[in-house]
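The values are calculated or read from the model by the stated rules, or taken from the named source; none is laboratory data. Treat the numbers as computed from the prediction; the structure is a model and nothing was measured. Positions of Cβ are backbone-derived with ideal geometry, glycine not excepted, and every protein chain shown enters the neighbour counts. Accessible surface areas use protein heavy atoms only, side chains included; no ligands, DNA or RNA. Shrake-Rupley method; radii C 1.70, N 1.55, O 1.52, S 1.80 Å.
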Amino acid sequence: MGAGNIVGTAIAIGYGGPGGVFWLWLTGLFACVIKYSEVVLGMKYRQRDKEGKWFGGPQYYLPKATGWKWIGFAYAISCAFCLFLAASAQISSVVDTVETIHIPRIVSTAVLIIAAALIVLGGLTRLLSFTEKIVPVMSVIYMAAGLVVIVLNAKELPAAFASIFQYAFTGRAAVGGFGGATLAMCIRWGVCRGVYSNDSGTGVTTITHAAADVNHPVQQGMWGIFEVFFDTIVVCSVTCLVILTTGVWQTDASVSTLTIAGFQKALGPVAGGFIVSLSLTLFCFTTAVAQTLFGCDQLVKIFGEKAGTWGKYVYLGLMFIGGMVGISALINYVDFGSFLIIFFNMIGVYLCHGEVRKLTEEYFSDTEKWETQKWQPWVEMEEKDIRSSHHE
């Protein structure tokens, strides 16, 4: 959960019109296949550290899967660059939203950067643990509030769905967006925001998936499908329907604040503003910190520990700039950064589609077997670790 679920979907409608939702859905369905494939590859080629913990990601599976050593380096460089921009976009999304409830931009930006610095530089992991525990609860509250808004405007649902399919192949932007939106714009914003909401194709989330305790790579790949479906098809749809059923997309509201405008119109300025602002702050803050740590990890692997340390300051500096300039000024740069890592990652995923298919067939040929038995290569790695430990 992050900016893509709340602000990204609003941008899809703001610049691409209601038809952008159709392309966001379509992207989500294709993204399920992509996320499944990259997670399966990430699990197949993951490694174990000296403490016995699993780690992995595109920088590991791309060179092994393709045989090209350079592609892992190229991915790591582009990933660090992309996450610089993505973390800034998360912060700017929060600041844009809370500004609508009369909190000065400089104040909200400063508070977020200080909190991020306490974790990234000061190692205050308790703060991150606290926010991560609240996020699931806030996710439920956000979804429940969104459904309440939709129910309150249920009579507008038929018109909302009709507009999605009507403008999917013609294009029409929101009043506050680009008035001359075409079909190309509709597709562009729907697809980009769909990808941004679930990170499918970037390979970044496979770094987290690689640490999972499962018996077979396909089992984790199925969780990758669920991740995309819930994130893009379910959560983003709730946000989109809030914007469309309340009619705020046809007002002069800023593109990046359409979501909070919809909640405020249905639930009132205080309740609607509080729910969206708090949800977005928690979602985006935890995401920005995670992206900073992932990005610095890439720098460490390429240039060493000093690069990782300096990278933290660069990330924090860019997040401050992002908070001050707003998401609209950054979104095109974020999309370009995403393109870079998707380009390198998808080369490997495409070339290894045969391996993904083979593992899928292996798993579904006897699913009961994998409920109790571990995948053989992982068993061999564990046995090797045990032998090495006894030898030491």
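Return the Rg/Rh value of the range 3-379, two decimal places, where both radii are evaluated on C-alpha atoms and Rh is the Kirkwood radius.
With Rg and the Kirkwood Rh in hand, the quotient comes to 0.98.
Need one number: nm distance between label points at T208 and F130, each 7 Å from Cα along Cα→Cβ, rounded to one decimal.
2.1
Report the label-to-label distance for L29 and E382 in nanometres (one decimal), using points 7 Å from each Cα along the Cα→Cβ vector.
Computed distance between label sites L29 and E382 equals 3.9 nm.
Round to the nearest 10 and report in Å² the accessible area of C192, as given by a 1.4 Å probe over the protein chains' heavy atoms.
Roll a 1.4 Å probe over it and C192 shows about 40 Å².
Can you work out ³J(HN,Hα) from phi for every residue in the range 254-259, in order, using Karplus 6.51 cos²θ - 1.76 cosθ + 1.60 and θ = phi - 60°, giving whole Hz and x for Gly and Pro?
4, 3, 6, 10, 4, 5
Take F336 and V148, extend 7 Å from each Cα along the Cα→Cβ direction, and tell me the distance between the two endpoints in nm.
4.3
Between R48 and I141, what is 0.36 nm times their sequence separation minus the Cα-Cα distance? Round to one decimal in nm.
29.7 nm
Considering all alpha-carbon pairs of the range 37-122, what whole percent are spaced by more than 18 angstrom?
The share of Cα pairs beyond 18 Å in the range 37-122 comes to 63 percent.
Counting only trypsin sites (Lys or Arg not before Pro) that are in a DSSP loop and have at most 10 other C-beta atoms within 10 Å, tell me the longest site-free stretch of the chain.
My reading of the result: 54-392 is the longest stretch.
Once phi is turned into ³J(HN,Hα) by the Karplus curve 6.51 cos²θ - 1.76 cosθ + 1.60 with θ = phi - 60°, what whole-Hz value does each residue of the range 266-282 show in order, with x for glycine and proline?
After applying 6.51 cos²θ - 1.76 cosθ + 1.60, I find 8, 9, x, x, 6, 5, x, x, 5, 4, 5, 5, 5, 4, 5, 4, 5 Hz.
If R₀ is 30 angstrom, what is the calculated FRET efficiency for the pair I103 and F161, using the beta carbon separation as r and rounding to 0.05? Write down the numbers at each step before the final one.
Working: r = 35 Å, r/R0 = 1.16.
After rounding to 0.05, the efficiency reads 0.30.
Is there a quick way to get the dipole size of the range 3-379? I mean about its Cα centre, with the Cβ of Lys and Arg at +1 and of Asp and Glu at -1; what is the value in debye to the nearest 20? Kindly include the intermediate steps, with their values, before the conclusion.
Details: 23 positive and 21 negative charges, 90 e Å.
Dipole about the Cα centre, nearest 20: 440 debye.
Would you mind calculating the gained length between D252 and A329 on full extension (0.36 nm times residue separation, minus the Cα-Cα distance), in nm to one decimal? Could you put the intermediate results ahead of the total?
On the way: separation 77, 0.36 × 77 = 27.72 nm, distance 1.86 nm.
Additional length available on full extension: 25.9 nm.
Hand me the GluC sites (Glu not before Pro) from the range 306-370 located in a DSSP loop with no more than 11 other Cβ atoms within 10 Å, in residue order please.
E368
Using each residue's phi in the range 23-37, evaluate 6.51 cos²θ - 1.76 cosθ + 1.60 at θ = phi - 60° and report the 3J(HN,Hα) Karplus result to the nearest Hz, with x for Gly and Pro.
Once θ is set to phi - 60°, the couplings for the range 23-37 become 6, 5, 4, 4, 4, x, 5, 5, 5, 4, 5, 5, 4, 4, 5 Hz.
Once the Cα atoms of helix 157-166 and of the chain are each reduced to a long axis, what angle between those two axes, in degrees from 0 to 90 to the nearest 10, is obtained?
With both axes taken from Cα atoms, the answer is about 70 degrees.
Can you give me the long-range amide H partners of G247? Hydrogens built in the peptide plane at 1.01 Å from N, cutoff under 5 Å, separation of 5 or more residues or another chain.
Long-range HN contacts for G247: none found.
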